[in-house]
1. Can you tell me which residue in segment 39-62 is farthest from N23 (Cα to Cα), limited to those that are touching a residue at least 40 places away in the same chain (Cβ under 8 Å) and polar (S, T, N, Q)?
2. Being surrounded by 12 or more Cβ atoms within 10 Å (Cβ to Cβ), in contact with a Lys or Arg (Cβ under 8 Å, 6 or more places away or on another chain) and free of Cβ contacts under 8 Å to residues at least 40 places away in the same chain narrows it down to one of C65, C93, C72, so name that one.
3. Give segment 22-43 a look and list any residue that's in a loop (DSSP other than H, G, I, E, B) and farther than 26 Å from L101 by Cα, or say none.
Amino acid sequence: MTCSDGPVACDQARPQCPEGTVNTVQGDCWAGCMHPRYCEGGGCTPGSCGDGWTCVSHQSGASTCALLPAACAGEPTCACLQPYFAEFCPGSCGDVEGGVLCEDGG
C-alpha cells in the first residue's frame, strides 16, 4: 500500500487518521489509514518498526519493515531470516545493527 497525503483524483475527503497511523492511497483515491510500517517504500531505521518487526535495508538505500518470525526470538539475523528471504530479500543478506541489509544490488 502506498502511504501519501495526496493529491488524489477522487472526490473523497482526506481521512483523518488516528495518531500513529498515516493516510494511504490505492489507485487514484484514499484507501484508509494504517501504521507506517506497512507502507511500500516508507523507509525505516533500526528500532523504528516496533516490537516483532525488523528493518530491512537495501543496497539502493530503500528500507522497509518486515515481520520478524517468532522463531527469531526478537533477534533479526540473516541466519534466522534465511528461510523467509524470498518474501523480502531476493539476494544475499548481511547483518547490521538493528536489522538486516538485503544485498540485492538495488
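1. The qualifying residue farthest from N23 (Cα to Cα) is Q59.
2. Just a single option satisfies the conditions, and that option is C65.
3. Answer for segment 22-43, where residues must be in a loop (DSSP other than H, G, I, E, B) and farther than 26 Å from L101 by Cα: G27, D28.
Here, each number is a calculation from the coordinates, and none is a lab measurement. Small disclaimer: the values here were computed from a predicted structure and weren't measured. Don't worry about glycine lacking a Cβ; one is built from the backbone with ideal geometry, like all the others, and counts go over all protein chains shown.
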